[in-house]
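J.: Can you read through this structure? Questions will come right after.
Nothing in this text is a laboratory measurement; each read-out follows from the coordinates by a stated rule. Because the structure is a prediction, the values reported are computed rather than measured. With ideal geometry, Cβ positions are generated from the backbone for all residues, glycine too; neighbour counts draw on all protein chains shown.
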Amino acid sequence: MAERYAKITGWGKYIPERVLTNHDLEQMVDTSDEWISTRTGIRERHIRTKNDTTSSMATTAGQRALAVAGITAADLDLIIVATSSPDYLLPSVASQVQDQIGARCGAFTLSAGCSGWVYALTTANQFITSGMYNRVLVVGVEIISFAVDYTDRTTSILFGDAAAATVLEVSDQPSGILASELGSDGSGALYLYVPDGGSVAPMSQHTIDNNRQFIRMNGAGVFKFAVRTLASSLKRTIYQAGLTPDDIDLFIPHQANARIVEHAARQMRVPVDKFYMNLDRYGNTSAASVPLALVEAIEDGHLKDGDLVAMCAFGAGLTWATVVMQLGTGEISLAHSLFSVERARYLARRTSDMVLDSAQSALLPLYTFLYERRKKK
Ligand code: UT7
């Protein structure tokens with residue numbers, strides 16, 4: 001069988017009309033625009049209107065992605081919807097999307113917190129490269145606002161609603177998804193969770209009286225996990241693709257907090273302006289965050305045919321997922337032939353990267369000590 005690659009041929013988004021600004025939140029909880037924008041980079045987020053459902057938002061984003069790919073719903077072999085906020089506990093929201101979009105194929109929902117869409121893209125890639133399917137619609141969608149406590153200033157300022165979709169199609173060109181990593185550390189379950197409404201604690205009056213139907217988060221804990229994971233998973237996956245961070249044209253990180261991205265960029269010694277961010281306008285849209293950033297990066301011309309992209313998401317679980325891919329029809333040359341100047345260059349760059357990493361880790365205690373001493377003065 002000829003080599004099979006999976007590449008993105010269509011993209012689309014749906015953003016609910018209603019905007020919730022930092023100034024609006026000042027009227028709702030004890031916070032300020034200044035605190036939110038300096039600590040997170042977020043200025044506003046979109047919240048569902050009464051006509052928006054998770055399935056309707058996913059369907060609209062999916063239809064737009066199909067139009068860009070130039071195919072119809074009838075051409076689809078599979079639909080995967082990543083979300084933590086489905087229409088109902090049962091049935092799977094992917095089946096509503098399949099029906100509303102007019103497809104006749106399998107459909108399933110994937111839950112991996114904010115990492116869901118990157119997990120789903122990796123899953124779709126396996127269906128395509130294995131030869132089972134040729135065209136898969138991969139959606140990230142969230143009406144996370146329904147699980148947000150708008151009296152809790154530590155979470156209400158972060159989240160927003162959105163949907164974004166991509167069409168993944170088979171190709172014989174050596175491009176598309178080059179490498180991916182999926183990760184999970186369930187020991188961190190209580191860092192980010194909704195206490196009630198599942199089988200452990202079904203909804204009850206006690207749930208409502210104690211706001212246990214809403215998201216609870218250990219912000220500082222998730223922050224540390226996020227910085228560590230973003231930098232290390234990106235690097236591992238980039239190396240796995242036979243590339244180095246310098247080769248990547250654009251990084252698309254989960255849009256949780258601009259400070260997380262800045263820390264990770266520093267750890268990777270990559271200029272922060274190579275990291276695409278639109279979180280100022282949408283906040284953290286959970287499973288929709290990375291695909292929404294990807295769609296906007298393509299739409300506003302930050303990405304072009306042949307560009308190398310590294311995407312990384314992290315969140316509840318705790319989970320993380322990273323994909324390195326090449327858009328369009330560019331050729332992957334770096335490090336893919338065993339004996340070549342490119343390969344020698346790749347190995348040299350990777351070695352120097354590792355030496356710098358080790359030096360950075362060894363010097364960290366000294367830097368921390370000097371920083372603490374300076375702060376005390
Ligand atoms: O998809 C993954 C989802 N989650 C994340 O990625 C979240 C990761 N964590 C974060 O982004 C940050 O930890 C937060 C933005 C949630 C919090 O920022 P922080 O700089 O870690 O603040 P903090 O929790 O250390 O709190 C600092 C202070 C506290 O006051 P005191 O105890 O120092 O007096 C908080 O009570 O800021 C206070 N604070 C606020 N003040 C005004 C916390 N939230 C707010 C707020 N407005 N909204």
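J.: List the pairs from Lys235/Lys304; Lys7/Lys50; Lys7/Lys224 whose alpha-carbon separation is above 30 Å, in the order I gave them. Before the final figure, lay out the partial values.
T.: On the way: Lys235/Lys304 22 Å; Lys7/Lys50 35 Å; Lys7/Lys224 33 Å.
Violating the 30 Å limit, Cα to Cα: Lys7/Lys50; Lys7/Lys224.
J.: Further question on the same structure: As a check on your grasp of the helix formula, calculate [θ] at 222 nm for the chain: sum -39500 (n - 2.57) over DSSP H runs of n ≥ 4, divide by the residue count, round to the nearest 500.
T.: -12000 deg cm²/dmol
J.: Given N residues in region 179-376, what is Rg(Cα) / (2.2 N^0.38 Å)? Mind showing how you got there, number by number?
T.: Values: Rg = 19.6 Å, N = 198, 2.2 N^0.38 = 16.4 Å.
Ratio of Cα Rg to 2.2 N^0.38 Å: 1.20.
J.: From the phi of every residue in region 227-243, what ³J(HN,Hα) in whole Hz does the Karplus formula 6.51 cos²θ - 1.76 cosθ + 1.60 yield, where θ is phi - 60° and glycine or proline is x?
T.: Using θ = phi - 60°, the values come out as 4, 4, 5, 4, 5, 6, 5, 4, 4, 4, 6, 5, 4, 4, 7, x, 10 Hz.
J.: Turning to a different aspect of this structure: Using a Förster distance of 45 angstrom, determine the FRET efficiency expected from the C-beta separation of Val355 and Phe146, and round it to 0.05.
T.: Approximately 0.40, to the nearest 0.05.
J.: Next question. Given H placed 1.01 Å from N in the peptide plane, which residues other than close sequence neighbours of Gly317 have an amide H under 5 Å from its amide H?
T.: Leu192
J.: For the chain, what is the charge dipole size about the Cα centre, in debye to the nearest 20, if Lys and Arg each add +1 at the Cβ and Asp and Glu each add -1 at the Cβ?
T.: The calculation lands at about 1200 debye.
J.: Kindly work out what percent of the DSSP beta bridges joining two residues of region 177-326 are antiparallel, to the nearest 5.
T.: About 75 percent, rounded to the nearest 5.
J.: Divide, for region 5-174, the radius of gyration over alpha carbons by 2.2 N^0.38 Å, where N is the residue count.
T.: Relative to the rule-of-thumb radius for its length, region 5-174 sits at 1.12.
J.: Then there's this: When the Karplus curve 6.51 cos²θ - 1.76 cosθ + 1.60 is applied with θ = phi - 60°, which whole-Hz ³J(HN,Hα) does each residue of region 107-117 get, with x for Gly and Pro?
T.: With coefficients 6.51, -1.76 and 1.60, one gets 8, 8, 9, 10, 10, 8, x, 5, 7, x, 5 Hz.
J.: Still on this structure: Quick one, can you get me the convex hull of the C-alpha atoms of region 2-56 expressed as volume per residue in Å³?
T.: It is 149 Å³ per residue.
J.: Ok, one more. What percentages, rounded to whole numbers, describe P(r) for the chain computed over all alpha carbon pairs with 10 Å bin width beginning at zero?
T.: Bins of 10 Å from zero give 5, 23, 33, 24, 11, 3, 0 percent of pairs.
J.: Additional query: If you stretched the chain out fully between Glu17 and His302, how much longer would it get, using 0.36 nm times the residue separation minus the C-alpha to C-alpha distance?
T.: Extending this stretch completely gives an extra 100.1 nm.
J.: Per q in 0.11, 0.15, 0.24 Å⁻¹, report the Debye log10 I(q)/I(0) for region 174-265, using one uniform scatterer on each alpha carbon and no solvent.
T.: So the normalised log intensities work out to -0.48, -0.74, -1.22.
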